[in-house]
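The structure appears right after this line, and notes come after that.
The values are calculated or read from the model by the stated rules, or taken from the named source; none is laboratory data. Every value quoted in this text rests on a predicted model; they were computed, and no experiment measured them. Backbone-built Cβ (ideal geometry, glycine too); neighbour counts: all protein chains shown. To get the accessible areas, we keep the full protein, side chains included, count just its heavy atoms, and leave off ligands, DNA and RNA. Shrake-Rupley method; radii C 1.70, N 1.55, O 1.52, S 1.80 Å.
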Amino acid sequence: RGPLTGDRRNEAEVLFERAIGLRNDFAPAWEHLAWVRIAEGNAPGTAEALDALEAVAPVADITNVWTLALRLLLRLSFAWRFLPQEQAIQLTETMLANPLILTYPELVAGPRYLVYFDAPQGAIWVWDRLTELPGAARPDPFGLLARVFGHIAQGQLGLAKAAAAELQLSVPDLGFFAAQLEASLALVDTDSEEFAGLWPSLRTKLTRYVKPGADLEIRRRAAWMLTLLAQHGGAESETAAYRDLFEDEPGRTLRTLLDATRAALAGRWAQALEISDELQAYERASEAPDPFFRSLVHLFRAEWHKRQNHVQGALRELRWHENDDMQGNPAAEPQPAEVDWAFGTLARWRRAQLLDRLEERGPEMCNAYLAVARLWADGDARYAARADSAGQRADTLGCSP
């Protein structure tokens with residue numbers, strides 16, 4: 001399911017190759033191998049796996065719509081990850097001309113999965129194309145999450161927030177998600193001056209969700225996010241009224257992270273790590289108390305490790321986003337894994353810098369710099385500047401795609 005505890009995703013590739021060595025006509029093994037190779041950016045290896053899969057189980061012979069959807073997702077992901085956009089568009093149009101695939105009830109999952117496969121530009125394009133389909137085949141508005149997460153992965157935060165606002169108009173219940181998104185971005189990637197300018201408006205947006213009478217889970221999650229913001233803004237006393245919402249919290253996961261961040265903001269990094277260690281028991285999506293919880297835990301813990309010069313510990317935390325820890329297909333409410341994938345470019349930027357600091361100038365560092373250079377090239381000014389720096393560093397190191 002992925003490296004939620006810091007293992008590398010490419011270790012799974014070895015296991016799938018071993019399975020194929022035992023039985024090379026087993027189609028699911030080839031499917032999984034193609035899946036992980038796309039995500040790892042291995043174009044030749046993916047092409048080999050897809051060719052072998054086609055030889056074992058030709059697409060033309062598939063009559064089950066679920067199997068067809070999986071096969072076409074792999075082809076679509078390969079195209080948007082590795083081929084020129086014109087070819088990817090042509091392949092997408094060919095796939096959408098198949099009347100069977102248009103009967104798939106979770107068609108919206110396709111573009112949302114493209115963020116996992118490191119093709120966020122494809123996620124956006126394919127979703128936009130799906131909205132042009134005839135009414136019976138047109139997917140529900142949850143597909144707008146492909147735009148939201150695709151723009152975040154590309155460092156286009158203004159466009160991401162605009163897409164979240166559009167989503168809120170179609171699905172009012174996701175208004176809280178839109179507010180959380182802005183708050184989380186402010187918590188993980190702003191300096192103190194920028195944060196000071198943002199958090200008063202974020203406080204206003206989130207406060208409406210802690211009012212009595214609202215759903216208890218939403219109230220608790222809103223109070224958690226408000227407390228994180230107040231901690232970072234030096235005004236935790238403002239949230240004293242929310243503390244009772246955590247008294248009967250199942251598992252105490254949100255409250256535990258608040259305790260850890262409180263220690264970290266006081267400069268007690270070792271204590272923060274010790275407190276948050278127990279949160280590893282809530283790594284799986286089915287146990288996460290909030291879609292943003294896992295990403296915040298790992299990004300915070302990576303920073304706390306870094307502050308203590310525990311570079312290897314920070315690196316382990318910054319591999320969390322490579323997971324595929326989904327509950328079914330991403331066809332409705334946002335899932336923790338989608339937040340992880342969207343924040344993955346930021347994780348790689350920080351991972352590359354840490355590896356550079358260690359002078360471990362091997363494939364992992366090169367791949368991280370190259371990914372940042374590619375994904376943030378058309379981002380907002382801050383992200384485009386980082387992409388330029390990453391590209392220059394990759395060139396200096398002689399990294400090749």
Out of everything in region 332-382 that is touching a Gly at 6+ places or on another chain (Cβ under 9 Å) and small (Gly, Ala, Ser), what residue ends up being farthest from ASN10 (Cα to Cα)?
GLY379
Any pair with Cβ under 9 angstrom, 6 or more apart, that starts in region 300-321 at a residue that is touching a residue at least 12 places away in the same chain (Cβ under 8 Å) and open to solvent by 20 Å² or more (accessible area, probe 1.4 Å) and ends at one that is assigned to a loop (DSSP other than H, G, I, E, B) and of a type outside the set (Gly, Ala, Ser):
ARG316/PRO3; ARG316/THR5; ARG316/ASP7
Check region 76-85 and report whether any residue there is part of a helix (DSSP H, G or I), aromatic (Phe, Trp, Tyr) and within 19 Å of ALA332 (Cβ to Cβ).
no
Would you please list the contacts, defined by Cβ atoms under 6 Å and residues six or more apart or on different chains, that run from a residue in region 36-49 that is in contact (Cβ under 8 Å) with a residue 40 or more places away in the chain to a residue that is crowded, with 17+ Cβ neighbours inside 10 Å?
ILE38/THR46; ILE38/SER77; ILE38/PHE78; ILE38/ARG81; ILE38/PHE117; ALA39/PHE117
Would you check which residues across region 355-381 are more than 16 Å from GLU40 (Cβ to Cβ), open to solvent by 10 Å² or more (accessible area, probe 1.4 Å) and either in contact (Cβ under 8 Å) with a residue 40 or more places away in the chain or outside any helix (DSSP H, G or I) (or both) and list them?
ARG357, LEU358, GLU359, GLU360, ARG361, ALA377, ASP378, GLY379, ASP380
Every residue in region 204-227 that is out of contact with any helix residue (DSSP H, G or I) (no Cβ under 6 Å at 6 or more places or on another chain), open to solvent by less than 70 Å² (accessible area, probe 1.4 Å) and either modelled with pLDDT of 90 or more or closer than 22 Å to VAL297 by Cβ (or both), please.
THR207, ARG221
Using the structure shown, decide if GLU194 is of a type in the set (D, E, K, R) and over 22 Å from PHE293 (Cβ atoms).
yes
I'm trying to understand the selection: among the residues of region 55-69, which are open to solvent by 30 Å² or more (accessible area, probe 1.4 Å) and assigned to a helix (DSSP H, G or I)?
ALA55, VAL56, ALA60, ASP61, VAL65, TRP66, THR67
Filtering region 134-187 for residues that are of a type in the set (Gly, Ala, Ser), over 19 Å from GLU333 (Cβ atoms) and more than 15 Å from the chain's Cα centre (by Cα) leaves a count of 6
From the option list ALA394, ALA384, single residue qualifying as in contact (Cβ under 8 Å) with a residue 24 or more places away in the chain and open to solvent by 20 Å² or more (accessible area, probe 1.4 Å) is ALA384
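Tell me, please, whether a residue that is of a type in the set (Lys, Arg) and under 22 Å from MET326 (Cβ atoms) can be found in region 91-112.
Checked region 91-112: at least one residue is of a type in the set (Lys, Arg) and under 22 Å from MET326 (Cβ atoms).
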Residues that are under 22 Å from GLU364 (Cα atoms) and of a type outside the set (S, T, N, Q): list the helices (runs of 4 or more DSSP H) wholly contained in region 259-344 that include at least 3 such residues.
293-307, 311-317, 336-342
If LEU296 passes every condition in (1) over 14 Å from the mean Cα position of the chain (by Cα); (2) under 16 Å from ARG221 (Cα atoms); (3) not small (Gly, Ala, Ser) but one, which one does it miss?
(1)
